[in-house]
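What follows is a short report on a single structure.
Since every read-out is calculated from the coordinates, none of them should be taken as a lab result. Since the model is a prediction, treat every value here as computed from it, not as a measurement. Positions of Cβ are generated from backbone atoms using ideal geometry, with glycine treated the same way; all protein chains shown enter the neighbour counts.
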């Protein structure tokens, strides 16, 4: 998949695509519904399939101090978009200048003159332009004036409400990884570089790889069955992970600690992709390292059992 940044001075061979427009954080089932509709329009018009999103996320731009909310890394997002048939991804820098654009300016300057698109697909609740003043009716009218085809996806439902990033964040906050996976269409995952810790896990027989969560949404603190991919490999390695502030040994520093069940070696500085499955228990304080060690041993057994139920022995 080709990644193009900005909307000015793009190569001629990037023009003429049908794009799905959205934030695509998580590339959840609602996003996939929009992309599938865009793929159909692209096929009808014999055009490449593209996607466009804003960076930084408008939510972060307007509220830089808001709590962490990201659902997915750029690497995982791009990999999934490509698997859905997206040929080119347009990353549009979100700035105050863009935020102040009228709907007509956005369509004319960014979509028509800048990206040179043949068609655009969004969700039917899409809003754009200064103060979110433009809706899909206005987008359809402005695009029609410039020969740009439009289509709008209905709100893709799952259960009582539409699939949305808000619903997925709540599921993760609650530790409900099965609900998050259903809404996302893939297990929820985090990626990061292994940090050097205090190596306390080694002293009790359970060495861990430590990651910080950065701008990822925070799951319910506790212990999870996970699968891990190392240095870009698919997550297939069984593990047990704890996310929290480690009240037994620290109580202050938030950390994601992953113990691989069937692997040993030096992971410092290497990249991990961690997929979350069953929430095994909530975070708690233990009376000393011996009690903690005994509980981790039980957690490892529970994680292996949970992962085995997913797809055979782990």
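Could you check the simple spin-label distance between residue 137 and residue 79, using points 7 Å along Cα→Cβ, in nm with one decimal?
In this crude spin-label approximation the distance works out to 4.4 nm.
Students often check this: by mean Cβ neighbours within 10 Å, which of 232-244, 111-123 ranks highest, and how do the rest follow?
Top to bottom by mean Cβ count within 10 Å: 111-123, 232-244.
Mean separation of Cα pairs under 8 Å and 6+ residues apart, divided by the residue count of the chain: what relative contact order is that in percent?
The normalised contact order for the chain reaches 17 percent.
Any chance you could run the full-extension gain for residue 44 through residue 10? It's 0.36 nm times the residue separation minus the Cα-Cα distance, nm to one decimal.
Additional length available on full extension: 9.8 nm.
Please report the spacing between the Cα centers of the stretch 1-56 and the stretch 101-139 in Å, no decimals.
Cα centroid of the stretch 1-56 versus Cα centroid of the stretch 101-139: 14 Å apart.
When 46, 245 are ordered from fewest to most other Cβ atoms inside 10 Å of their Cβ, what list results?
46, 245
Quick check on the exposure proxy: order 150, 208, 166 from fewest to most C-beta atoms within 10 angstrom.
166, 150, 208
Listing 74, 181 from the residue with the fewest other Cβ atoms within 10 Å to the one with the most, what is the order?
So the residues, fewest neighbours to most, are 74, 181.
Need one word for the stretch 2-161: rounded, prolate or oblate. Basis is the Cα gyration tensor (sqrt eigenvalues a ≥ b ≥ c); a/c below 1.5 gives rounded, then a/b vs b/c decides.
In terms of gyration-tensor shape, rounded.
With an 8 Å cut-off on Cα pairs and a minimum separation of 6 or more residues, tell me the relative contact order of the stretch 2-161 in percent.
Relative contact order here is 32 percent.
Hey, rough spin-label estimate for residue 263 and residue 283, points 7 angstrom out along Cα→Cβ, what's it come to in nanometres?
The answer from the label model is 2.4 nm.
Which shape class, rounded, prolate or oblate, goes with the stretch 187-311 when its Cα gyration tensor gives a ≥ b ≥ c as root eigenvalues, a/c under 1.5 marks rounded, and past that a/b bigger than b/c marks prolate?
The shape class here is rounded.
Stretch residue 254-residue 61 to full length: gain in nm at 0.36 nm per residue minus the Cα-Cα span?
So the extension gain works out to 67.0 nm.
Can you show me the helix-derived [θ] at 222 nm for the chain, built from DSSP H runs with n ≥ 4 at -39,500 (n - 2.57) apiece and divided by the number of residues, rounded to the nearest 500.
Estimated from H runs of four or more residues: -8000 deg cm²/dmol.
With a ≥ b ≥ c taken as the square roots of the eigenvalues of the C-alpha gyration tensor of the stretch 8-47, please select rounded if a/c is under 1.5 and otherwise prolate if a/b is larger than b/c or oblate if it is not?
oblate
Which entry is the computed log10 I(q)/I(0) by the Debye sum over Cα atoms at q = 0.07, 0.14, 0.16 Å⁻¹ for this structure: [x] -0.33, -1.04, -1.24; [y] -0.47, -1.02, -1.20; [z] -0.35, -1.20, -1.45?
The value computed from this structure is option [x].
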